[in-house]
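> Below: one structure in structure tokens.
The values are calculated or read from the model by the stated rules, or taken from the named source; none is laboratory data. Keep in mind the model is a prediction, meaning the values are calculated, not measured. Every residue, glycine as well, gets a Cβ built from its backbone with ideal geometry; the counts of neighbours run over all protein chains shown.
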Amino acid sequence: MTIARLLACSAVSLVLAAPALATDPDTVDLAAAEKRAVETVARMKPEEKTIITHGIMPLPGGGPKVDIPADAIIGAGYVQGIERLGVPALRETDASLGVTWVMGARNDWATALPSATSQAASWNPALIRRGGAMIGAEARAKGFNVLLAGGVNLARDPRNGRTFEYFSEDPLLSGILAGAAIQGVQSNHIISTIKHFALNGQETGRKYVDVKIASGAAHESDLLAFQIGIEQGQPGSVMCAYNRVHGAQACDSDWMLNKVLKQEWGYKGFVMSDWGAVPSIQAAIHGLDHQSGEQLDPGVFFGSQLADKAAADTAWATRLNDMNRRILTAIYAAGLDKNPAQPGGTIDWDAHALVAEDVAKQGIVLLKNEDGALPLAMTAKSIAVIGGYADGGVLSGAGSSQVMGKGGPAVKLPVAGSGIWAGFISESYHRSSPMAAIKAHAPNAIVLYRQGQYIKDAAELAARSEVAVVFATQWMTEGLDVPDLSLPRGQDSLIEAVAAANPNTIVVLETGGPVKMPWLGKVKAVVEAWYPGARGGQAIASVLFGETNPSGHLPLTFPAEESQLPRPRLDGSDWVEPDFGGNPKNGKDKLHADYDIEGSDVGYRWYARSGTKPLFPFGYGLSYTTFTHGTPVITGTAASVAVTNTGRRAGADVVQLYLTGRAGEPKRRLVGFGRVELAPGASGTVTMTVDPRLLADWKDGRWSIPAGDYTFAVGSDAERLSTPVAIKMNARSWKD
Ligand code: BGC
């Protein structure tokens, strides 16, 4: 049942609708697209039916050899078209943060959005949609009609090497933002994926780690993020993941693909495999519609093998028709045939850089600001800039999502490792120098730099300067998890030494996700800038000098210690060798990830349940101004919260509404949020609608809400909550 229908027939006194982010009905007309698809399938000759069901990775070198057709573009994927039927070829590129670099193999550049974690820290769907529209426009201008974007896996473990490609630890925030990003991408008449379906929570043993989680817990967490993302964004394709779930590879999981995605949710688009994730032809029967990057799999299953099966067996023939119908539905819904993407399109680089800069600015989170150390005075006489290659650029995350701006990396450090990804991966910094931007904001200051290899030397520079800004980095990549949450390469010691030398020490973090901060009590201010993208240096300086008032809020919890995590030790990390291919080594392929430990209580919900205090909670973020919140007003299906800017600067606040109790049971669930910009002294109201699934439990195919008092509170973060208001609700249960 849809939410709208639930609302229409609900008897409960409080049922709130999904957060307002309407999909654009002009760009997605699924029913019409599906009708056309059915007609095209009816006109297909048998030998045409396996043309669009499989594709190659058109990449010279680096993996198994493949013939690259003349009309393919170097990138992640190429799928032949069917000219007779006007079906266009699919030209696929990665990923969620922009058109990827493929290590310069295509010899062009793109605008790098900040990491998805940074994007999520804005809590701003409209901004994320702009970002999606920007990267989609670049994909289109380069001739691609499929962008492998929409990473929405929940951050169950902050050590996951792909944390930076995903939004958050919360299903509502992640789903809404992924939906917004996908809407933006698809507004360019290209297809976006949503990925990696599902429960793809770690890179350690990524192709064989077997996830264990109860169905209800999965529906209330990771699957809900996908469900909301699909409803909001209507992506043409779902990319299934590498990992196993309940013993089956995700791309071969009848439960996830057929039962959940297609039957329960009624998904109309197609499921494409991740690259090298298809174990056998049987995956087609289990719900996989398209084999991607086929040379990376143990065989080309969805070509002649599939045609032979369909010729011999009507069940396979019916399934093959369904696969074609789904792929064509996505093609027609996005208008790929009527609005063909051609290489050589124009890109407004300056406008795109500004989008990346806006996202970075709104994503920066001020974590600490003692004695008003920030913003820095433009009149500062001497500033020591230390570490993080801040004289050159800003850090980016690596792997298939690596984007590179014009001129290539400012700094590129090679990384050792084995597996097919090893040659692809490096620690790269975008050409946006924080040091140059700091100089531009403080033209009269002496700004000097030390990378910090020699700690004493860096501390001496700090001691001679009015203020010291230390840039600390945590590099992350697809293919590898970080072993712990420390800042690598002795950066903690560097910060300690600089802070001891200069009482005005500011730390700027460029990290993929949470890190520990043993020096927190000794520095004046901490700014989390994540991987801030193409104009990260400018965005950081703008926040440091107060031109931008920070408004980011953490989209994931920063633990004090790894021992606070549901799995203090990352499963398998004690014996799995770093391998960018993620294949089983030494026959050790029996790795399990037990997600039943936390179940649907991911992130802040786990901390609330276990009563542990993290370093910084989910939702946390300071501003150069102050805000007060009114009592939440909950009337029927809507909630609203008044906000006042009580400080002296204009700024933006993110109102967070939490469910704190249900029928006498303590709960902690984000049920609504909204960002509001306010002039000093001004008040505004954030209105929210709440998805009833967020109040419910999922069991045996149904959502259910017990009768009783439901309490809601406004949070500055997931821990600092207002006095709750109570609403009575009747029991209710419904099906998706
Ligand atoms: C990644 C996907 C990506 C694909 C194609 C895989 O390694 O997991 O996210 O889209 O490669 O490059």
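> Identify the residue in the range 469-494 that is aliphatic (A, V, I, L, M) and farther than 17 Å from ALA529 by Cα and, among all such residues, is nearest to the ligand (Cβ to nearest atom).
First, the residues of the range 469-494 that are aliphatic (A, V, I, L, M): 469-470, 472, 476, 480, 482, 485, 487, 494.
Within this subset, residues satisfying the condition of being farther than 17 Å from ALA529 by Cα are 480, 482, 494.
Values: LEU480: 13, VAL482: 18, LEU494: 34 Å.
The extreme case among them is LEU480.
> Among the residues of the range 229-268, how many are among the small types (Gly, Ala, Ser) and within 16 Å of the ligand (Cβ to nearest atom)? Write out each step before concluding.
Step one: filter the range 229-268 for residues among the small types (Gly, Ala, Ser), giving 229, 233, 236-237, 241, 247-248, 250, 253, 266.
Of the ones still in play, those that are also within 16 Å of the ligand (Cβ to nearest atom) are 229, 236-237, 241, 250.
The total comes to 5.
For every residue, the table says whether it meets (1) within 26 Å of PHE618 (Cβ to Cβ); (2) out of contact with any helix residue (DSSP H, G or I) (no Cβ under 8 Å at 6 or more places or on another chain).
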{"residue": "ARG140", "(1), (2)": "no, yes"}
{"residue": "GLY151", "(1), (2)": "yes, no"}
{"residue": "GLN186", "(1), (2)": "no, no"}
{"residue": "GLY205", "(1), (2)": "no, yes"}
{"residue": "VAL209", "(1), (2)": "yes, yes"}
{"residue": "ASP222", "(1), (2)": "yes, no"}
{"residue": "GLN227", "(1), (2)": "yes, no"}
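> Restricting to the range 177-193, name every residue that is closer than 25 Å to ALA718 by Cβ and touching a strand residue (DSSP E or B) at 6+ places or on another chain (Cβ under 8 Å). Before you say what the answer is, go through the steps one by one.
Keep residues of the range 177-193 that are closer than 25 Å to ALA718 by Cβ, which gives 177-181.
Within the range 177-193, ALA178, ALA181 qualify.
> When the range 140-156 is examined, which residues are found to be in a loop (DSSP other than H, G, I, E, B) and either without any contact (Cβ under 8 Å) to a residue 12 or more places away in the chain or crowded, with 24+ Cβ neighbours inside 10 Å (or both)? Let's see the steps before the verdict.
As a first pass, look at the range 140-156 and keep what is in a loop (DSSP other than H, G, I, E, B): 143-145, 149-150, 152-156.
The answer is PHE144, ASN145, ALA149, GLY150, VAL152, ASN153, LEU154, ALA155, ARG156.
> Among the residues of the range 670-711, write down those that are more than 30 Å from the chain's Cα centre (by Cα), under 30 Å from SER623 (Cα atoms) and hydrophobic (A, V, I, L, M, F, W, C).
ALA679, ALA682 - these are the residues of the range 670-711 that are more than 30 Å from the chain's Cα centre (by Cα), under 30 Å from SER623 (Cα atoms) and hydrophobic (A, V, I, L, M, F, W, C).
> Return yes or no: is GLY303 outside any helix (DSSP H, G or I) and among the small types (Gly, Ala, Ser)? Working first, answer last.
On the way: outside any helix (DSSP H, G or I): no; among the small types (Gly, Ala, Ser): yes.
When the stated conditions are applied, GLY303 does not pass them.
> Report, by residue number, each residue of the range 494-523 that is over 18 Å from LEU395 (Cβ atoms) and in a helix (DSSP H, G or I).
Within the range 494-523, GLU496, ALA497, VAL498, ALA499, ALA500, ALA501, LEU520, GLY521, LYS522 meet the criteria.
> Also, I was wondering about something else. Would you check which residues across the range 69-87 are among the aliphatic types (A, V, I, L, M) and more than 15 Å from the ligand (Cβ to nearest atom) and list them?
Of all residues in the range 69-87, those among the aliphatic types (A, V, I, L, M) come to 70, 72-74, 76, 79, 82, 85, 87.
Within the range 69-87, ALA70, ILE82, LEU85, VAL87 qualify.
> Only one of SER401, SER426 is touching a Pro at 6+ places or on another chain (Cβ under 6 Å) and among the polar types (S, T, N, Q); which? Steps first, please.
Working: SER401 fails: touching a Pro at 6+ places or on another chain (Cβ under 6 Å).
It is SER426.
A quick yes/no check of all residues on (1) of a type in the set (Val, Ile, Thr); (2) surrounded by fewer than 22 Cβ atoms within 10 Å (Cβ to Cβ):
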| site | (1), (2) |
| --- | --- |
| ASP358 | no, yes |
| LYS361 | no, no |
| ILE364 | yes, no |
| LYS368 | no, yes |
| LEU374 | no, no |
| ALA377 | no, yes |
| SER382 | no, yes |
| GLY392 | no, yes |
| SER396 | no, no |
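> On the basis of being in a strand (DSSP E or B) and modelled with pLDDT of 95 or more, does VAL278 make the cut? Spell out the reasoning first.
Working: in a strand (DSSP E or B): no; modelled with pLDDT of 95 or more: yes.
So VAL278 fails the test.
> I need every pair where a residue in the range 307-318 that is more than 12 Å from ILE285 (Cα to Cα) has its Cβ under 7 Å from the Cβ of a residue that is hydroxyl-bearing (Ser, Thr, Tyr) and buried (at least 18 other Cβ atoms within 10 Å of the Cβ), sequence separation at least 6 or different chains.
ALA307/THR50
> Looking at the structure I just gave you, is ILE73 in the same structural domain as TRP275 (by TED's automatic domain parsing) and either crowded, with 18+ Cβ neighbours inside 10 Å or modelled with pLDDT of 95 or more (or both)? Walk me through it before giving the result.
Values: in the same structural domain as TRP275 (by TED's automatic domain parsing): yes; either crowded, with 18+ Cβ neighbours inside 10 Å or modelled with pLDDT of 95 or more (or both): yes.
It is true that ILE73 is in the same structural domain as TRP275 (by TED's automatic domain parsing) and either crowded, with 18+ Cβ neighbours inside 10 Å or modelled with pLDDT of 95 or more (or both).
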